[in-house]
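Inspection log for the structure reproduced underneath, given as structure tokens.
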Amino acid sequence: VNRVRRAGESAFTNEDPARTLLPPGSSVIVETAGGGGWGDPLERDPQMVRNDVIEEFITRDEARDAYGVVVTSDGSVNLAATTALRAEQRKGRSPRD
């Protein structure tokens, strides 16, 4: 999604800033998809995954499914459950994973 607000205007409009000549002082918002990440998601520091949940980058379900991290309803990491879940998820991988 690309949005543009020309200098002196109060609202953003949907436009392609790469194809629009804008006056100085204009603002542009460009939203892109997230990256694929780096390394094994099951090796990611559980506290970093927790931070992503707290910041609402991912949900608790996504933390569990993608990273094998169990974040409780109070926002803490259940380390015992995380260790067990990650071991279970590793068992289900193919040799190429």
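The values are calculated or read from the model by the stated rules, or taken from the named source; none is laboratory data. It should be emphasised that the depicted structure is a prediction, and the values quoted were computed from it without experimental measurement. All Cβ positions, even for glycine, are placed from backbone atoms using ideal geometry, and neighbour counts span all protein chains on display. Ligands, DNA and RNA are excluded from the accessible area calculation, which covers all protein heavy atoms including side chains. Shrake-Rupley method; radii C 1.70, N 1.55, O 1.52, S 1.80 Å.
Per residue, the range 3-94 exposes 71 Å² of solvent-accessible protein surface, assessed with a 1.4 angstrom probe and all protein chains in place. The peptide list 68-79, 30-41, 52-63, 13-24, put in order of mean Cβ contacts within 10 Å with the highest first, becomes 68-79, 52-63, 13-24, 30-41. Across the options ASN14, GLY75, THR32, the greatest Cα extent toward the positive end of the charge dipole of the chain (unit charges at beta carbon of Lys, Arg, Asp, Glu) belongs to THR32. Dividing the convex hull volume of the alpha carbon atoms of the chain by its residue count gives 154 Å³ per residue. Close amide H partners of VAL70, meaning residues 5 or more places away or on another chain with modelled amide H under 5 Å apart, are ASN78, THR82. Remark: the chain carries a charge dipole of roughly 200 debye about the Cα centre, counting +1 on each Lys and Arg Cβ and -1 on each Asp and Glu Cβ. Each residue of the range 47-57 was assigned a 3J(HN,Hα) from its phi angle through the Karplus curve 6.51 cos²θ - 1.76 cosθ + 1.60 (θ = phi - 60°); the sequence is 5, 5, 5, 4, 4, 5, 5, 4, 7, 6, 6 Hz, with glycine and proline shown as x. Charge tally around ASP61: other residues with Cβ under 15 Å, Lys/Arg +1 each, Asp/Glu -1 each, net -1. The residues packed around THR72, meaning those with a beta-carbon under 14 Å from its beta-carbon, carry a net charge of +1 if Lys and Arg are +1 and Asp and Glu are -1. Solvent-accessible area of the chain (1.4 angstrom probe, protein heavy atoms only): carbon and sulfur portion equals 51 percent.
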